[in-house]
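Trainee: Sharing a structure here in structure tokens format.
The values are calculated or read from the model by the stated rules, or taken from the named source; none is laboratory data. Because the structure is predicted, anything quoted here is derived from the model rather than measured. Cβ placement follows ideal geometry from the backbone for every residue including glycine, while neighbour counts extend to all protein chains displayed. With ligands, DNA and RNA removed, areas are computed over all heavy atoms of the protein, side chains included. Shrake-Rupley method; radii C 1.70, N 1.55, O 1.52, S 1.80 Å.
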Amino acid sequence: MNTLALGPSWLDPDFLIETFGLIGVLVIVFAESGLLIGFFLPGDSLLFTTGLLVTTGALDTPLWLVCTLIVLAAIIGDQVGYLFGRKVGPALFKRPDSKLFKQENVEKAHEFFEKHGPKSLILARFVPIVRTFTPIIAGVSRMNYRSFITFNIIGGVLWGAGVTLLGASLGKIDFVHEHIEAILILIVLISVVPIVIEYLRARSQSKKAKAEESPSAAQAQAQRGRHAKR
């Protein structure tokens with residue numbers, strides 16, 4: 001199966017699976033679920049491709065075992081992220097930017113967590129970048145551990161097994177095989193839609209806030225002018 005590399009060739013799901021096999025998939029899922037360096041990895045398209053390759057026989061491992069291992073990798077990854085957040089704490093928000101770390105990613109995840117609460121651990125699974133930082137933010141916020149475990153498991157199952165099974169199911173359809181490149185690109189585009197929506201919403205709120213501040217500033221200046229005349 002030839003797929004279009006979405007970016008560098010080493011980020012192409014087909015290339016990753018052919019090169020590193022199921023072990024590589026598990027390592028990537030683990031890293032993207034809770035390690036700071038994992039935010040750029042192709043989680044959604046990778047899981048979809050994994051399910052598809054299991055169905056076609058290119059990946060010689062039972063589907064149930066693949067799903068189980070992926071779910072475990074996702075849950076353990078979030079667990080590590082949570083513990084890292086509890087240990088590092090507020091220092092994470094003071095860490096300087098680097099090539100592999102951007103403070104804005106932490107802030108976005110923090111806003112996401114504050115907005116959706118514990119269920120953000122489920123929702124974030126389906127949002128690239130945010131899913132990497134949300135368990136860390138949960139740890140920084142010292143979220144109740146029992147609640148974290150519960151939502152972590154639910155999210156890990158829905159995302160890890162869900163996307164993999166989706167790939168396995170659609171992999172039985174000839175149309176998917178014939179248009180696999182377009183399908184993978186579509187998955188990536190769909191996965192970034194929440195980020196685009198959030199960006200546009202934040203931008204709109206920022207403009208609205210500035211518009212509201214302008215009249216207030218003008219009124220304050222006018223009042224100062226009247227006081228000065230008195």
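Trainee: From the list A91, A58, A73, exactly one residue is open to solvent by 10 Å² or more (accessible area, probe 1.4 Å), among the small types (G, A, S), part of a helix (DSSP H, G or I) and modelled with pLDDT under 85. Which is it?
Mentor: A91
Trainee: Which condition does I187 not pass, out of (1) modelled with pLDDT of 90 or more; (2) buried (at least 20 other Cβ atoms within 10 Å of the Cβ), if it passes all the others?
Mentor: Checking I187 against (1) modelled with pLDDT of 90 or more; (2) buried (at least 20 other Cβ atoms within 10 Å of the Cβ), the one that fails is (1).
Trainee: So is I137 open to solvent by 30 Å² or more (accessible area, probe 1.4 Å) and either at pLDDT 75 or above or out of contact with any strand residue (DSSP E or B) (no Cβ under 8 Å at 6 or more places or on another chain) (or both) or not?
Mentor: no
Trainee: When you scan segment 143-178, how many residues do you find that are among the charged types (D, E, K, R) and not in a helix (DSSP H, G or I)?
Mentor: Initially, segment 143-178 is screened for residues among the charged types (D, E, K, R), giving 146, 172, 174, 178.
Okay, now just the ones that are also not in a helix (DSSP H, G or I), so 172.
Looking only at that region, the number is 1.
Trainee: Would you point out the residue of segment 68-86, among those that are among the β-branched types (V, I, T) and more than 15 Å from the chain's Cα centre (by Cα), that is nearest to S141 (Cα to Cα)?
Mentor: As a first pass, look at segment 68-86 and keep what is among the β-branched types (V, I, T): 68, 70-71, 75-76, 80.
Then drop every residue that is not more than 15 Å from the chain's Cα centre (by Cα), which leaves 68, 70-71, 76, 80.
Working: T68: 29, I70: 27, V71: 24, I76: 19, V80: 15 Å.
Filtering first and then ranking leaves V80.
Trainee: Okay, next question. Residue pairs, Cβ under 6 Å, 6 or more apart or interchain, first in segment 108-124 and on the phi < 0 side of the Ramachandran plot and surrounded by fewer than 18 Cβ atoms within 10 Å (Cβ to Cβ), second at pLDDT 70 or above and not aliphatic (A, V, I, L, M). List them.
Mentor: These pairs meet every condition: P118/S147; P118/F151.
Trainee: Go through segment 10-40 and give me each residue that's farther than 21 Å from V176 by Cα, at pLDDT below 65 and either open to solvent by less than 50 Å² (accessible area, probe 1.4 Å) or not aromatic (F, W, Y) (or both).
Mentor: G38, F39, listed by residue number.
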